[in-house]
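The structure appears below as structure tokens.
The values are calculated or read from the model by the stated rules, or taken from the named source; none is laboratory data. What you see is a predicted model; the values in this text were computed from it and never measured. Please note: Cβ atoms are built from the backbone with ideal geometry, for glycine as well, and neighbour counts cover all protein chains shown.
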Amino acid sequence: MCDDAGVSFREQGIQPADGFSGDGFIVRPLVPSDVVLDHEAVMSSREFLYHWEQEPPYPPEDFSVEDNLEDLEQMDSEHRTGSRYTYTVMNAAETQVLGCIYLLPNDDRMYRTAEVTSHDGTDLSSVDAMVAFWVRVSMWENGFERDLLEAMLGWLRDDWSLDRPVIITNEKLDHQIATIESLDLTRRFDYDRDKDMYTSHAYG
């Protein structure tokens with residue numbers, strides 16, 4: 001195992017849970033055949049994702065279905081090898097992508113160089129999963145972001161072998177911060193990377 005790979009979920013004995021269904025939506029592993037629907041969702045929320053992604057410019061204006069396929073093939077490979085787990089959020093008929101959920105281990109390459117500031121004594125090393133999510137902007141008004149997060153918290157608690165997952169966002173995303181805090185989650189720590197535009201927050 002190379003140092004860059006870190007300790008994967010699979011090496012920690014954390015297997016991916018099945019998806020779940022909610023009121024009008026389903027969550028299941030993201031696969032390359034979702035590429036067209038996923039691309040449409042990504043481009044529909046392009047301005048939001050530019051700030052959510054933290055490694056702009058993503059998606060670029062000319063981001064193609066073929067570009068997206070490369071991303072989905074990589075995420076599918078990571079899911080199958082247990083290094084990262086990625087789930088799509090779709091409407092019940094699976095005709096529209098509504099968002100995405102990502103689970104990363106605490107020593108993922110994304111966080112290895114981060115400067116961590118704790119608010120309550122929680123440190124990154126005590127966390128076993130960093131969970132990020134987004135929903136398409138057109139779904140914000142009907143409260144879907146909160147509905148998904150509430151269902152997702154139950155899924156993480158009941159269907160995963162996780163002891164201390166945290167939900168991550170960043171200081172620019174006022175709407176997502178308000179959604180997270182509306183469910184009484186506590187800001188545990190912040191982290192900064194040199195390449196990021198914004199300070200990220202972790203809630204648990």
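Among the conditions (1) of a type in the set (S, T, N, Q); (2) at pLDDT 95 or above; (3) not in a strand (DSSP E or B), SER21 misses just one, which is (3).
Whenever a residue of the stretch 16-41 is farther than 24 Å from ASN142 by Cα, its partners that are hydrophobic (A, V, I, L, M, F, W, C) and surrounded by fewer than 17 Cβ atoms within 10 Å (Cβ to Cβ), lying with C-beta atoms within less than 8 angstrom and at least six residues away or across chains, give the pairs VAL35/VAL65; VAL36/VAL65. Being part of a loop (DSSP other than H, G, I, E, B) and at pLDDT 95 or above is the filter here, so list the residues in the stretch 164-204 that pass it. Matches in the stretch 164-204: ARG164, GLU171, LYS172, LEU173, LEU183, ASP184, LEU185, THR186, TYR198, THR199, GLY204.
For the stretch 84-101, a residue qualifies if it is hydroxyl-bearing (Ser, Thr, Tyr) and either crowded, with 20+ Cβ neighbours inside 10 Å or without any contact (Cβ under 8 Å) to a residue 12 or more places away in the chain (or both), and the qualifying residues are TYR85, THR86, TYR87, THR88.
Residues in the stretch 133-152 that are among the hydrophobic types (A, V, I, L, M, F, W, C) and touching a strand residue (DSSP E or B) at 6+ places or on another chain (Cβ under 8 Å): PHE133, TRP134, VAL135, MET139, PHE144, LEU148, LEU149, ALA151, MET152.
Residues of the stretch 25-44 include at least one that is in a loop (DSSP other than H, G, I, E, B) and under 20 Å from TRP155 (Cβ atoms).
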